[in-house]
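Peer 1: Before I ask anything, here is the structure I am working with.
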Amino acid sequence: MIPLQTLADSFASVDTLYLLGGILLLYLGAELLVDSASSLAVGYGIAPATVGVTVVAFSTTAPELFVSFVGGIGISGDIGLGNIIGSNIANIGLVLGASALVQPLSVDSKVLWRHGPFMLAAAVLLVVLGSDGTLGQMDGVGMLALLAVFTGYMLYQSRTADEEAVPEEMQVEVDAESVSARQVAVLAGAGACLLGGSAGLVQGGTGLLRSFGFGDLFIGITIIAFGTSLPELATSLVSSLRDEAEFSIGNVVGSNIYNVLAVIGLLAVVNPLSVGANVQSFHFPIMIAFTIGAMALMAVDRRISRPSGVALVGAYGGFVYLLLP
């Protein structure tokens, strides 16, 4: 047991301030990025389901990208890898589950049958490539190649005649000349918030949990993964409250795809990662189980009900409990 005085001193430390400040900056940066990117995409006539899986999902993945590079290269590769594994599990268990608790989610058939298989393929590819104990540069190249295929597929789908039209109330007039300067300023501010927030989250979370004796992999999978999943959580909850399930579900599916293919792919190219036996035997199977479970729930009656939301949140809580030493 950790002495109460030690616990109190740890939470009163500078690391706690870094942690809280980092989470706040990540949230603000992601909000700026999501708002500007999604409004611009919808303004150009891209359907909500596609926006959720692509623009919104990629925007909310930015914290994972920043944090994984700051932590994975600057401190420990376990933090970068653990962040992605933990974030993908949190996106399904916590984000999707909590959104369904707010309001049952209708599942767009395009998200389920066109985009869902990519989410499963990305998770399986990560497990297969990491089965030899390393994620090297060629593994990263393979992930980035699949990312290019997914992006090309999404661009093709966005132009097909059967793509759902953007609802009239969501359409906005886009003036490229007036938008450019504003978008550059917003994106620059978002980038600054994400960079500062990533550094604060990594430094604060690592220092705080290391003071309790936790290892880097645990730190990446739990508190850092939770912190970087806050944008997905906030975006999906707001979308659920607004009865825009396309954004809630598409955000989770797309984020999990980009987390593996973009973040781990880039990180492996720049700084090859080691994959421990515990990751291969425990964390990878849990990630695959959550991914398959999410697709199964989406396939049942094309909706995720409140009881399913309870099950997802409960499963995530059980996963975190099993991680405790």
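Peer 1: Using mean Cβ contacts within 10 Å as the protection proxy, how do 219-232, 261-274, 107-120, 139-152 order, highest first?
Peer 2: Values: 219-232: 27.4, 261-274: 21.4, 107-120: 19.1, 139-152: 16.9.
Per-residue mean Cβ counts within 10 Å order the peptides as 219-232, 261-274, 107-120, 139-152.
Peer 1: Considering all alpha-carbon pairs of segment 258-325, what whole percent are spaced by more than 15 angstrom? Walk me through the numbers on the way to the answer.
Peer 2: Details: 1527 of 2278 pairs.
Counting pairs separated by more than 15 Å, the tail of P(r) holds 67 percent.
Peer 1: Which three extents, in angstrom, do the Cα atoms of segment 204-325 have along their principal axes, listed largest first?
Peer 2: 42, 32, 29
Peer 1: Would you mind ranking TYR321, TYR153, TYR27, TYR258 so that the residue whose beta carbon has the fewest other beta carbons within 10 Å leads the list? List each step's numbers first, then the result.
Peer 2: Details: TYR321 8, TYR153 13, TYR27 18, TYR258 27.
By the 10 Å Cβ count, ascending: TYR321, TYR153, TYR27, TYR258.
Values in this text are rule-based calculations from the coordinates and carry no lab data. This one's a predicted model, so the numbers in the text were calculated from it and none came from an experiment. Reconstructed Cβ throughout: ideal geometry from the backbone, glycine too, with neighbour counts over all protein chains shown.
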